[in-house]
1. Taking Cα atoms of the range 364-424, Rg/Rh with Kirkwood Rh, to two decimals?
2. Exceeding 22 Å between C-alpha atoms, which entries from my cross-link table qualify? They are LYS45/LYS99; LYS40/LYS62; LYS373/LYS417; LYS171/LYS217; LYS238/LYS373.
3. Separation between the SER215 and GLN102 pseudo-spin-labels, each 7 Å from Cα along Cα→Cβ, expressed in nm?
4. Compute the length gained on full extension between LYS114 and ALA32: take 0.36 nm times their separation in residues and subtract their Cα-Cα distance, giving the result in nm to one decimal.
5. Once fully extended, how much extra length lies between LYS12 and SER89, figured as 0.36 nm per residue of separation less the alpha-carbon to alpha-carbon distance?
6. Which of the aspartates and glutamates could a cross-linker span from LYS323 if the Cα-Cα distance has to be under 18 Å and same-chain partners fewer than 8 positions apart are dropped?
7. Given a 1.4 Å probe and every protein chain left where it sits, what share in percent of the accessible area of the range 148-198 is carbon and sulfur?
8. Could you compute the net charge surrounding ALA336? Neighbours are other residues with a C-beta less than 10 Å from the C-beta of ALA336; K and R count +1, D and E count -1.
Amino acid sequence: MLYNRVRAIQKKSGQFDLLLCVGDFFGVTSEAEAEWEEYKTGTKKAPIQTYILGAADQDTVKCFPSADGCELAENITYLGRKGVFTGASGLQIAYLSGKEAQREPAPAYCFSPKDVDSLTAPLVSSSKFRGVDILLTSQWPRGVWQYGNNPDVDTRSCGTSSVAHLAEQLKPRYHFAALEGTYYERLPYRNHMVLQESAQHVSRFIALANINNTSKKKYLYAFSIVPMKCMDAAELVKQPQDVTENPYRAPVKETRRERERAKPSPMLEDEAAPQFFFDMSSKQQGRKRHSEGGGHSQHKQPRKPPQPTGPCWFCLASPEVEKHLVVSIGTHCYLALAKGSLTPDHVLILPIGHYQSVVELSSEVVEEVEKYKAAVKKFFKSQGSRCVIFERNYRSQHLQLQVAPVPAQCCTTEDIKEAFTVQAQEQQIELLEIPEHSDLKQIAQPGTPYFYVELDTGEKLFHRIKKNFPLQFGRWVKFCSSRLLTFKRLSTFIRVLMFNWVSPIPGFTVNLISYSV
């Protein structure tokens with residue numbers, strides 16, 4: 001059945017050089033076994049040179065006579081449990097067969113951590129190693145969907161961290177896998193840290209569905225590739241527009257925080273999350289109280305946010321906060337009007353806990369920041385304005401995301417971008433454009449001073465601050481506004497948007513304050 005389809009493709013599109021199989025090549029039915037016997041005896045011949053991975057379950061172990069690889073039939077070669085195959089053209093293919101072993105010794109259809117180490121060590125130890133052209137694995141890499149498009153599988157049980165580590169180390173230009181029974185082509189991801197490392201080639205992960213699946217999902221993927229060793233260096237490292245961050249590179253601070261979170265801490269787990277409500281009409285104005293309900297929630301509450309060591313004007317629990325400016329309060333963040341606003345509808349997105357910059361935020365806080373940004377962007381767009389977001393992580397102790405609208409009829413996004421660029425040149429500031437899908441945590445480590453701008457198109461500008469950075473740089477880029485937004489209109493719209501996306505999240509409370517003007 002497979003080769004009938006291959007013959008039809010070659011007849012239509014011309015001859016291909018190789019056919020690579022990453023799933024279960026052998027069937028277990030009597031019909032499949034009879035057909036394979038015809039290939040073994042030479043009655044039938046594969047129409048293309050075929051390379052297959054080894055067994056991924058106990059039922060097919062009998063089909064592979066050796067763990068080191070061998071020819072099974074004319075034009076059909078078993079690569080082996082692990083290794084690197086280099087073709088006459090210089091194309092380099094690394095492979096790892098089977099599933100990750102859950103016990104020792106590893107069954108014949110499984111690989112062990114030693115197999116992964118012995119595959120990567122000889123390659124990455126070379127100073128000339130840049131990556132492999134193709135990586136073939138039976139299993140998916142764990143977390144490959146991070147920063148990218150989501151597959152239609154249950155990601156809680158999908159993939160293995162050993163394959164993810166292998167992909168991170170070998171930096172394949174193409175990585176193919178199977179066993180999940182679905183087709184998934186991830187957005188390409190980069191293998192370097194922007195502005196910190198030299199540019200490298202991108203990687204593409206592609207998972208293929210089962211042959212003749214009832215959903216008619218893709219099980220064959222045809223492509224052309226020039227071996228890495230034959231490519232011009234500049235051509236090799238070209239970055240496509242939809243490239244994302246590397247899904248296997250967790251920011252150092254975040255990884256450490258997750259390890260700490262995994263440690264048992266009964267006292268903190270049982271402690272209720274602080275929710276903040278303010279009765280602006282009573283004498284207890286500005287006093288904090290915990291949400292009511294007797295603590296009978298069915299869900300574990302998140303930890304307390306980090307607290308400042310001294311007075312802070314922006315920590316929500318601090319008496320220094322000017323709470324009459326607060327518009328909306330979520331679980332981890334809140335929205336407030338800017339005291340020294342550029343326009344009356346200039347707002348700030350701030351974390352409730354004491355974080356200095358975006359790169360220090362935990363994943364749940366980042367997620368809520370993104371939701372606030374999306375809500376405010378949507379509102380400003382409905383009012384005919386473009387949205388400019390900027391952050392200055394320099395001589396400030398608490399993160400303030402400045403969000404300022406610019407009337408669309410006054411200028412284009414390119415005009416705004418040019419305004420920042422021209423002002424930067426006048427101040428002798430190097431303002432670099434970074435890829436749209438870049439994660440700021442991959443560019444600046446915690447503690448690194450920087451200035452960052454995000455435009456309504458997703459374009460991003462970044463400057464790593466070294467010394468003598470003008471504190472008012474973001475405000476010097478002048479905006480004019482012909483339409484004023486009242487406090488009440490802003491508060492009402494945020495309420496609608498927030499409840500649209502927070503309602504499915506258990507334990508998420510939003511309190512809103514609105515004034516008549």
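1. Using Cα coordinates only, the ratio equals 1.02.
2. Values: LYS45/LYS99 29 Å; LYS40/LYS62 14 Å; LYS373/LYS417 19 Å; LYS171/LYS217 27 Å; LYS238/LYS373 30 Å.
Check vs 22 Å cut-off fails for LYS45/LYS99; LYS171/LYS217; LYS238/LYS373.
3. 2.3
4. 26.1 nm
5. Full-extension gain reported as 25.2 nm.
6. Candidates past the 8-residue exclusion: ASP279, ASP345.
7. The C+S portion of the solvent-accessible surface of the range 148-198 is 39 percent.
8. On the way: positive: LYS323, LYS339; negative: GLU322.
Charge balance in the 10 Å sphere: +1.
The values are calculated or read from the model by the stated rules, or taken from the named source; none is laboratory data. What you are looking at is a predicted structure, and each value in this text was computed from that prediction instead of being measured. Neighbour counts are summed over all protein chains in view; Cβ atoms, including those assigned to glycine, are modelled from backbone coordinates with ideal geometry. Heads up: the accessible areas ignore ligands, DNA and RNA and are worked out on the full protein's heavy atoms, side chains in. Shrake-Rupley method; radii C 1.70, N 1.55, O 1.52, S 1.80 Å.
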